[in-house]
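Asker: Sending over a structure as structure tokens; questions will come in a sec.
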Amino acid sequence: MKKHRLICLLVILGFFLYSGWAYQSSLTPYVTVAQAKSAKSTVQVRGTLGVDSIRQAEKNAIQFILQDEAGEAVPVVYRGVRPDGLEQATSIVAIGKYQSGQFIAEKLLVKCPSKYQGSVNQ
């Protein structure tokens, strides 16, 4: 009977340890561009699009300048489908890692102003 309880306790303890590890590894904090340059793990950087900075870096990849609230800018490279409304975005969140002088984005979240404008019926 005691052996059965010990096994149950170890299984429950293993579950909580694994859950804590999985939760910790899934966190991606918001940081500034300066903090992203020194981060070792995946982070989120929020900012605005640099004026006329979007260009095709290579096939299925775009590059643009992202400027954070402090005014610091970083070149962002994103490989994937270009998000709709990127040119009109009021805010962009890039999720990824800083490597070799540029931010390699795995995901882009774009806040498009037209989605938040209500229709006015007159």
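The values are calculated or read from the model by the stated rules, or taken from the named source; none is laboratory data. Keep in mind that this is a model prediction, so the values were computed, not measured. Don't worry about glycine lacking a Cβ; one is built from the backbone with ideal geometry, like all the others, and counts go over all protein chains shown. Side chains included, ligands, DNA and RNA excluded: accessible areas come from the protein's heavy atoms. Shrake-Rupley method; radii C 1.70, N 1.55, O 1.52, S 1.80 Å.
Asker: For the range 66-80, name all the residues that are within 15 Å of the chain's Cα centre (by Cα) and either open to solvent by less than 70 Å² (accessible area, probe 1.4 Å) or hydroxyl-bearing (Ser, Thr, Tyr) (or both).
Answerer: Of everything in the range 66-80, those that are within 15 Å of the chain's Cα centre (by Cα) and either open to solvent by less than 70 Å² (accessible area, probe 1.4 Å) or hydroxyl-bearing (Ser, Thr, Tyr) (or both) turn out to be 66, 68, 74, 75, 76, 77, 78, 80.
Asker: Suppose the filter is in a helix (DSSP H, G or I) and more than 14 Å from the chain's Cα centre (by Cα); does residue 10 pass it?
Answerer: yes
Asker: Moving to a separate point now. Just the residues that are under 14 Å from the mean Cα position of the chain (by Cα) and assigned to a loop (DSSP other than H, G, I, E, B), please, taken from the range 41-65.
Answerer: Correct list: 41, 42.
Asker: Among the residues of the range 63-91, which ones are farther than 28 Å from residue 25 by Cβ, at pLDDT 90 or above and touching a strand residue (DSSP E or B) at 6+ places or on another chain (Cβ under 8 Å)?
Answerer: Result: 63, 64, 65, 67, 73.
Asker: Name the single residue that is surrounded by the fewest Cβ atoms within 10 Å (Cβ to Cβ) among those in the range 81-102 being among the β-branched types (Val, Ile, Thr) and more than 15 Å from the chain's Cα centre (by Cα).
Answerer: Step by step, filter the range 81-102, then rank; the result is 81.
Asker: Among the residues of the range 5-31, write down those that are open to solvent by 60 Å² or more (accessible area, probe 1.4 Å) and among the hydroxyl-bearing types (Ser, Thr, Tyr).
Answerer: 18, 23, 25, 26, 30
Asker: Moving on to the next point. Within the range 44-59, track down each residue that is open to solvent by less than 70 Å² (accessible area, probe 1.4 Å) and farther than 16 Å from residue 75 by Cβ.
Answerer: Of everything in the range 44-59, just one residue is open to solvent by less than 70 Å² (accessible area, probe 1.4 Å) and farther than 16 Å from residue 75 by Cβ, namely 44.
Asker: Taking interchain pairs and intrachain pairs at least six residues apart, which have beta carbon atoms under 7 angstrom, with the first residue in the range 17-38 and on the phi < 0 side of the Ramachandran plot and the second open to solvent by 80 Å² or more (accessible area, probe 1.4 Å)?
Answerer: That search, which allows pairs on different chains as well, returns 30/46; 32/70.
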